[in-house]
Each structure stands twice: as C-alpha cells, then as structure tokens.
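In what follows, a single structure is set out as structure tokens and then discussed.
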Amino acid sequence: MVTRRGFFKAIGSLLVAGAALAGYGFVIEPGFLLRTQVYALTPPRWPKGLKLRLVLLADPHCVEPYMSLSRWRGIIAAANELGGDMVLLLGDYVPTVIFRTGLVPVQDVAGEARRLNAPLGMFSINGNHDWWADHAAQRAGAGPPFAQKAFEDAGIPVLANAARPLQKDGFRFWLTGTDSMVAIRKGRGQFEGRDDLQGTLAQVTDDAPIIHMAHEPDLFVQIPDRVSLTLSGHTHGGQVRLFGWSPVTPSAYGNRFAYGHIVEDERHLVVSGGLGCSFLPVRFGMPPEITVIDLG
C-alpha cells in the first residue's frame with residue numbers, strides 16, 4: 001500500500017528527474033557538449049588512391065546564450081585540430097530560436113570562420129534561415145542574402161549553384177553546391193527554392209568525381225549517381241533523437257534523411273547533426289557535432 005508520504009516522495013522524485021532532464025536538454029547538451037562524428041567510406045567509382053578528409057560545420061545558428069561568438073570560436077579551433085583537407089560550411093549561420101538574450105552579427109560569424117585552416121580551402125553554402133532572415137531578399141525574391149555576402153567578404157567562397165574544380169595528389173575532383181530548396185517564403189508552409197541542381201552540375205566539364213553540398217537533404221532524391229557524395233545539414237538530427245529515431249524532422253521524408261550516412265541505390269548521403277538549435281533551444285540525444293568524413 002502506498003502511503004501519503006510515499007506518494008508525495010514519488011511525485012517529488014519525478015519532478016526532480018523531470019527538472020534534471022529539462023536542464024540537460026535545454027542547457028547542458030545544446031550549450032556545452034560537442035562531439036566529433038567520423039565516417040569512413042569509399043563511394044562507387046571513387047578513384048583508388050584519392051584520400052580526402054572533409055570537416056563539416058553545419059547549422060551553427062549563432063545566438064546568445066546558446067551559440068555565442070566565443071563558443072563558435074572554440075568550435076572553429078576544434079575543427080582546425082582535425083586535419084581536414086577541406087572545411088565545408090553547410091549553411092544556417094543566423095538564429096531562429098525564440099528564447100534568446102542577444103544576437104550575434106553574421107559578419108562576426110563569418111569573420112571567425114576566417115580562422116579555419118585547410119590546405120584545399122574552406123567553402124560554404126546558404127541555408128534556408130540565411131534567406132529567411134534577409135527581409136530585403138524575401139521581398140525581392142532574389143539574393144544573394146546578406147549571410148552569403150558576409151562569408152564572401154571574409155574570403156570564404158559560397159557555392160550558390162556553383163562548381164569548383166579541385167585537385168589533391170594529382171587527382172582532380174569537383175566540389176559543387178546548390179542554394180536552399182526553401183529560400184523564399186510564399187505563404188504559410190509554402191516556399192520557393194533557389195536551388196538549380198541541373199545548372200550546377202552542367203558546370204562540371206569532365207568525368208572527375210563530384211562532392212555536392214546541399215543544405216536540405218531532401219534534394220538527395222534528385223541527385224544522379226554521377227555524384228559521388230552529397231553532404232547536407234538542416235535537420236539537426238531532429239534535435240531530439242531517441243534510439244535512432246527523431247520525433248520531429250524538417251524534411252518531407254521524415255526519418256529517411258534525418259541523420260547520418262545514408263546509402264540508396266549506391267548513392268551516398270551524409271547528413272550532419274549540426275551545431276545549433278532552431279526555434280526551441282533544446283537538444284536531447286543529439287549533441288552538437290563536428291562531422292568528419294574520410295574518403296578513399
């Protein structure tokens with residue numbers, strides 16, 4: 001028989017446990033934890049002997065107090081220790097959380113990113129929030145958004161429907177990037193993309209392998225097998241992930257492209273869990289991560 005004292009003791013224990021979980025999800029995991037998630041893979045038709053280490057930084061959503069400029073600076077220092085041949089920034093630099101104590105100018109976010117070091121360089125793409133936060137771009141229905149300008153001013157190329165030939169150890173390959181699929185708000189739940197996959201891949205002039213950056217992983221359904229690897233962010237792994245499942249994912253395909261290394265019809269996609277938070281400042285079971293991919 002449960003006594004009155006035992007009942008209230010149990011209720012108190014549940015309240016304490018709930019407070020602890022809330023504190024962890026809203027404070028500890030999003031604000032203090034950082035992991036390095038490493039994938040090693042060799043896509044089909046990847047040249048034997050071409051080894052590349054890619055370091056991915058996705059979705060920082062820099063804002064006080066969750067992703068302050070000092071925390072972003074520390075993440076950049078950690079990324080520099082990972083020995084990447086390239087550092088790829090996958091968009092969404094501006095914040096959207098509804099509880100915040102201050103803003104971080106995107107010019108400062110880009111300025112800190114200038115500290116990144118990699119022998120083959122740093123490259124960026126735009127995220128949907130980089131478009132949404134630019135009211136002038138929304139009104140005009142055209143960019144570039146101010147986040148793109150900030151990164152270009154910092155000397156970091158932004159591949160907005162563009163392709164770049166690169167080379168390592170005598171092997172040529174291409175890095176391509178498309179713009180956001182949901183860049184322009186057209187009404188509640190309605191968007192227009194500014195992505196041009198066909199036009200981007202048309203810039204590739206030989207049969208060297210292609211690494212493609214697409215902020216939203218939903219573009220993967222359109223990616224041809226000509227592309228060796230697609231890299232995305234956007235989902236944050238759902239921000240809450242339990243036993244390999246994310247209850248909420250900003251994707252038309254649910255958990256299909258929520259997180260991790262996905263292989264379909266011999267096509268490879270890696271979706272980074274990202275760094276920051278969108279709308280609610282919570283992460284549970286999906287700590288902020290730097291994603292590393294060892295190719296070849």
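Enumerate lysine pairs in the chain that are 8 or more residues apart or on different chains, then count those whose Cα atoms are under 30 Å apart.
So the count works out to 4.
Translational diffusion coefficient of the range 33-295 (Stokes-Einstein, Kirkwood radius from Cα pairs, 4 °C, 1.567 mPa s): 71 µm²/s.
What order do you get for E266, E216, E64 when you list them from fewest to most C-beta neighbours inside 10 Å?
Lowest count first: E266, E64, E216.
Packing order of peptides 138-145, 155-162, highest average first: 155-162, 138-145 (average count of other Cβ atoms within 10 Å over each peptide's residues).
Comparing Cα centroids, the range 122-139 and the range 147-202 end up 11 angstrom apart. State the answer as a single residue: which of S251, F284, L34 lies farthest towards the positive end of the charge dipole of the chain, with beta carbon charges of +1 for Lys and Arg and -1 for Asp and Glu, about the Cα centre. Of the candidates, F284 comes out farthest on the positive side. Couplings 3J(HN,Hα) for the range 42-52, derived from phi with the Karplus relation 6.51 cos²θ - 1.76 cosθ + 1.60 (θ = phi - 60°), are 10, x, x, 6, 6, x, 5, x, 8, 10, 10 Hz, where x marks Gly and Pro. Residue exposure proxy: C62, C277, ordered by other Cβ atoms within 10 angstrom of their Cβ from fewest to most, comes out as C62, C277. Quick one, could you list the DSSP H helices from the chain stretching 15 Å or more along their long axis (Cα atoms) with average Kyte-Doolittle hydropathy of 0.5 or above? The answer, listed by residue number, is 4-23. Rounded to the nearest 20, the size of the Cβ-charge dipole of the range 108-182 about its Cα centre is 240 debye, with Lys and Arg at +1 and Asp and Glu at -1. Highest GNM mean-square fluctuation among S180, S272, S246, for the chain modelled with Cα contacts below 10 Å: S246. By the count of other C-beta atoms within 10 Å, a proxy for reagent exposure, Y259, Y39 are ordered fewest to most as Y39, Y259.
Placing unit charges on each Cβ (+1 for Lys and Arg, -1 for Asp and Glu) gives the range 40-195 a dipole about its Cα centre, and among L103, W132, W46 the Cα reaching farthest toward its positive end belongs to W46. Could you give the distance between the Cα centres of the range 236-253 and the range 36-56, to the whole Å? Between the Cα centres of the range 236-253 and the range 36-56 lies a distance of 25 Å.
Loop-located trypsin sites (Lys or Arg not before Pro) across the range 180-252 with a Cβ neighbour count of 16 or fewer within 10 Å are R188, R226, with loop assigned by DSSP.
Amide H contacts of Y93: H61, G127, D130, each under 5 Å away and 5 or more positions distant or on a separate chain (H built 1.01 Å from N in the peptide plane; Pro and chain starts excluded).
Values quoted throughout were computed directly from the atomic coordinates according to the rules given, and no laboratory measurement underlies them. Everything numeric here is computed off the predicted structure, so don't read it as measured data. Please note: Cβ atoms are built from the backbone with ideal geometry, for glycine as well, and neighbour counts cover all protein chains shown.
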